[in-house]
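What follows is a set of notes on a single structure, which appears directly below.
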Amino acid sequence: MAITRADKEQIISSVAERFGRAKAAFLVNYKGMSVEQVTNFRKKLNESNSEMKVVRNTLALRALKDFPGEKEALEKELIGTNAFVFAYDDASASAKAISEFAEDVEHLELKSGVMDGAGLDEARIKYLATLPPLDVLRAQFLGVLQAPASKFVGTLAAVPGGFVRVLNAYKEKQEN
């Protein structure tokens, strides 16, 4: 069944909308994966608020015309059987899901990606996968911000406490 011009335009606008919403996009080659493996991969991606979309390379290039940074980073890799993985929340969680699944399924090949208009090669995506989840990073950052204030309050509390101990020792000495 041939795809009509209207169908192509709908696909292009759908993919462009996904690129607009996504915090990051990854290009994978899924050739050789079974239907069950693709289904399991999609389920794993849904856990990290990501989705996989199979798009013809020519339609993907047309969808990227409004995203010059992404187009420049991805167009050289748009050869063969490709699918985009769109990360809508935490890019590191999506990268981790892809990397872990690629270790288990040899047919899944991580080709490249893009985040904030900058291209990501396979090494950068694997590094991104090693980062802790966004919530953990936020908690660590808040801990760093809170540490000086906590130490300052502790220091302020120690000064009167020490003074009271000195007075108490002096009082006990006078009583003896």
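Laboratory data are not the source of any read-out in this text; all were calculated from the coordinates shown. Keep in mind that what you see is a predicted model, and the values were worked out from it rather than measured. Positions of Cβ are backbone-derived with ideal geometry, glycine not excepted, and every protein chain shown enters the neighbour counts.
Quick look at the values:
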read-out	value
For the chain, diffusion coefficient by Stokes-Einstein and Kirkwood Rh (Cα), 10 °C, 1.306 mPa s, µm²/s	82 µm²/s
Computed FRET value (nearest 0.05) for Ile3 with Asp121, which takes r as the C-beta separation and R₀ as 35 Å	0.65
Residue-averaged [θ]222 nm for the chain, counting only DSSP H segments that reach four residues, each worth -39500 (n - 2.57)	-20500 deg cm²/dmol
Contour minus Cα-Cα distance for Arg165 and Tyr88 (0.36 nm per residue)	22.0 nm
On Cα atoms only, tilt of 5-21 relative to the major axis of the chain in degrees	10 degrees
Relative contact order (%) - the chain, alpha-carbon pairs under 8 angstrom, separation at least six	27 percent
Straight-distance crosslink candidates among lysines, where the alpha carbon sits under 18 Å from Lys71 and sequence neighbours closer than 8 are dropped	Lys23, Lys53, Lys111
Net dipole in debye of segment 18-136 [+1 Lys, Arg Cβ; -1 Asp, Glu Cβ; about Cα centre; nearest 20]	480 debye
Spacing of the two label points (7 Å from each Cα toward its C-beta) at Val35 and Glu51, in nm	2.1 nm
Modelled FRET efficiency - R0 45 Å, Glu106 with Ala157, Cβ distances, 0.05 increments	0.15
